[in-house]
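Where a number appears in this text, it was derived from the coordinates with a stated rule and is not lab data. On a predicted model such as this, the values are computed, not experimentally measured, just so you know. So basically every Cβ, Gly included, is an ideal-geometry build from the backbone, and we count neighbours across all protein chains shown.
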Amino acid sequence: MLGFPLPYPNELIYSTIARYGVHSGLTSPKEILQEVFGSKTIIATSDLHGHLGKIAGLYPPEINIQPEDLLYRHTLFPLYAPFIGEQRRCQLMKQLIADKKNSVHVMSGFAASRVTQPNYLRYCPKCIEQQWNELGECFWRRDWQVAGIDSCPLHGKLKMSSVRRMTYKRHVYTPASRTLCPLVHQESMDKYSRILEPSIASTLRLPEQSVPSIFQWGLFYKAMACDFGLNRGQQVEHELVAERVIKFWTADWLNHSGLNVSESETCWLKTLFRKHRKSFSYLEHLIVLHAFLGDKLTLNGVIGDVRRQQPRSSLVRTSAVFVDKLVVLRKRLAWLKAIKNRGVKRARAEGFAGLYIWLYRYDNSWLLGLNAKLKHREPSLVKRVNWDSQDLTSVKMLISIRNQVEPILEGPRRSKNWYLSQLDNKSKIEKNLRKLPKCSLFLHMYSETISDFQIRRMTRVAAKRTQEDEQLKRWDILRSAGLSEERLTQGAREFLSEVLEL
């Protein structure tokens with residue numbers, strides 16, 4: 001494609017596409033999508049934009065722009081890549097480069113992350129002014145959108161623009177401008193941004209490379225706790241680890257970032273120092289690494305250390321084949337008698353621990369199989385969310401939103417997704433509607449159908465014509481409402497003929 005702009009250093013691909021719309025004089029978001037992607041259904045994503053193969057193909061071959069370059073230099077992918085394991089990293093790369101729908105926000109851990117993300121695109125006022133003076137246009141930098149950095153290293157605190165990161169206008173690429181990003185006073189850079197900014201900036205500059213496994217990250221953190229003496233034998237002293245992290249960052253700052261440290265067994269800090277069964281966010285990793293390794297941190301060196309971690313070889317248990325079968329049988333009968341009225345845990349505590357150890361060593365498979373059959377699973381009583389309270393709070397917000405917009409005839413279709421997008425915790429509500437009966441009932445009753453939306457649009461036009469004392473005409477109502485005879489639903493057609501008598 002002729003005229004598609006080259007991205008500036010550290011510019012988001014989202015911003016490059018938005019600038020193309022300005023350069024081409026395109027005002028319709030759908031036209032931009034059609035020209036760039038050949039499709040009108042692409043979602044404008046600011047952080048992890050997909051279809052990079054398609055975008056790289058817009059440039060002449062002589063420039064040699066590869067999709068991998070766009071991924072690592074103009075998205076936030078480098079923040080997630082080092083911490084999700086090699087297999088998932090490769091899967092995410094393929095999805096983001098391919099010209100098809102993807103689920104990268106789920107696979108990368110972004111959707112379920114504890115980290116509090118900014119609701120609006122952020123900017124540095126003085127950097128925007130400098131861009132305008134030097135380049136004649138403005139663009140969105142990717143380091144401005146990273147949760148954890150609240151300041152520009154040169155000028156001070158970042159400011160929120162009026163452009164929402166997630167909005168019901170999912171296909172709109174909004175370019176940065178001095179109107180949307182006004183020049184306002186900036187406070188000085190805070191202490192915590194000053195610590196995190198260099199390490200996050202170095203993470204964003206990481207080249208494409210193989211990454212450690214999630215299991216190796218778990219081994220690294222356990223070894224690091226032992227190196228600093230925060231262990232008791234093979235057990236990590238989680239209370240001492242928490243004290244060290246809180247002393248470095250303060251509890252208030254951690255709470256503000258959505259990473260409060262608690263005594264709960266499911267606290268992110270405890271699970272980070274246990275055997276890793278899932279990935280953690282870049283901010284969780286950097287918080288712990290800085291608390292242990294200090295202000296200056298070279299993540300590339302840390303990744304090298306993690307990659308060298310190897311699990312200890314497991315102990316080879318002696319098979320029961322080498323033990324007299326009669327002895328094994330007697331031990332089994334003794335253990336069955338011991339646990340008959342006591343259970344496994346109580347039997348071990350009341351003098352049969354030695355018998356348990358013998359069987360564990362010489363008859364391991366039988367013992368573990370027996371324990372698995374006798375294991376009593378206690379129902380979990382931990383309720384992390386009070387869903388009744390959440391249901392009531394959310395439905396009150398939805399009712400308030402409906403009361404505000406009900407007299408207004410303008411605006412997009414008020415569908416289920418539109419109502420949910422007005423909530424700050426849209427993802428949480430949407431994924432747990434089965435636990436929120438009041439919200440589900442509200443959305444079922446008050447979400448606009450296509451017929452309702454068409455009727456509201458025609459009502460708006462009819463009311464305007466009546467106020468202007470103009471005669472109502474069927475063709476005028478349809479054209480002004482952006483409708484046609486072919487697109488009218490049955491309900492809208494009946495409204496037009498029976499209510500408006502047209």
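At a Förster distance of 60 Å, what's the computed FRET efficiency of His256 paired with Leu326, Cβ-Cβ distance as r, to 0.05? After rounding to 0.05, the efficiency reads 0.35. Shape descriptor for the range 320-374: Rg over Rh equals 0.94 (Cα atoms; Rh from the Kirkwood inverse mean 1/r).
Can you tell me the length gained on complete extension of the stretch Gln310 to Lys101, counting 0.36 nm per residue apart and subtracting the Cα distance? That works out to 71.6 nm of additional length.
Rg and Dmax of the range 451-499, based on Cα coordinates, read 10.0, 29 Å. What do you get for GluC sites (Glu not before Pro) in the range 413-471 restricted to DSSP loop and a cutoff of at most 12 other Cβ within 10 Å of the site's Cβ? In loop regions of the range 413-471 (DSSP not H, G, I, E or B), the sparsely surrounded GluC sites (Glu not before Pro) are Glu468, Glu470. Label separation (Leu374 vs Arg413): 6.2 nm, computed from points 7 Å beyond Cα along the C-beta direction. Couplings 3J(HN,Hα) for the range 446-452, derived from phi with the Karplus relation 6.51 cos²θ - 1.76 cosθ + 1.60 (θ = phi - 60°), are 10, 5, 6, 7, 5, 4, 4 Hz, where x marks Gly and Pro. Each of Thr459 and Glu406 was given a label point 7 Å from its Cα along the Cα-to-Cβ line. The distance between the two points is 1.1 nm. Each pair of Cα atoms in the chain enters the Kirkwood radius, and Stokes-Einstein at 4 °C and 1.567 mPa s then converts it into a translational diffusion coefficient of 47 µm²/s. Each residue of the range 278-290 is assigned a 3J(HN,Hα), and the resulting list reads 8, 8, 10, 6, 4, 5, 4, 5, 5, 4, 5, 4, 5 Hz, derived from the Karplus form 6.51 cos²θ - 1.76 cosθ + 1.60 (θ = phi - 60°), x at Gly and Pro.
Spatially, the range 227-268 and the range 134-166 are offset by 31 Å when compared through their Cα centroids.
Net length available on complete extension from Ala112 to Leu240 is 43.4 nm, with 0.36 nm assigned per residue and the Cα-Cα distance removed. In plain terms, the C-alpha convex hull of the range 167-289 casts an average shadow of 11.6 nm² when viewed from every direction. Residues Val405, Val385, Val461 in ascending order of nearby Cβ atoms (within 10 Å, fewest first): Val385, Val405, Val461. As a calculated quantity, the FRET efficiency between Leu500 and Asp295 at R0 = 60 Å, using C-beta atoms, amounts to about 0.30. A Förster distance of 45 Å, applied to the separation of the beta-carbon atoms of Thr393 and Ser162, puts the FRET efficiency at 0.95.
Here's the picture: a label point sits 7 Å out from the Cα of Arg493 along the beta-carbon direction, and within the range 438-463 the residues with their amide nitrogen under 16 Å of it are 450-452, 454-455.
Across the range 4-100, the fraction of Cα-Cα pairs farther apart than 24 Å, rounded to a whole number, is 20%. The distance between label points at Glu31 and Thr466 comes to 3.6 nm (points 7 Å beyond Cα on the Cα→Cβ vector). For the range 124-141, 3J(HN,Hα) computed residue by residue from phi via the Karplus equation (6.51, -1.76, 1.60; θ = phi - 60°) reads 9, x, 6, 5, 4, 5, 5, 4, 5, 5, 8, 10, x, 7, 10, 8, 8, 7 Hz, glycine and proline entered as x. In the chain, helices alone account for a calculated mean residue ellipticity at 222 nm of -14500 deg cm²/dmol, with every DSSP H run of four or more residues adding -39,500 (n - 2.57). Sorted fewest first by neighbouring Cβ atoms within 10 angstrom, Phe139, Phe220 come out as Phe220, Phe139. For the range 420-448 versus the range 49-96, the spacing of their alpha-carbon centroids is 34 Å. Considering only alpha-carbon pairs that sit under 8 angstrom and 6 or more positions apart, the relative contact order computed for the range 320-374 is 36 percent.
For trypsin sites (Lys or Arg not before Pro), the sites in the range 324-377 that DSSP calls loop and that have at most 15 other Cβ atoms within 10 Å are Lys375, Arg377. Packing-based ranking of 190-196, 164-170 yields 190-196, 164-170, ordered from highest to lowest mean Cβ neighbour count within 10 Å.
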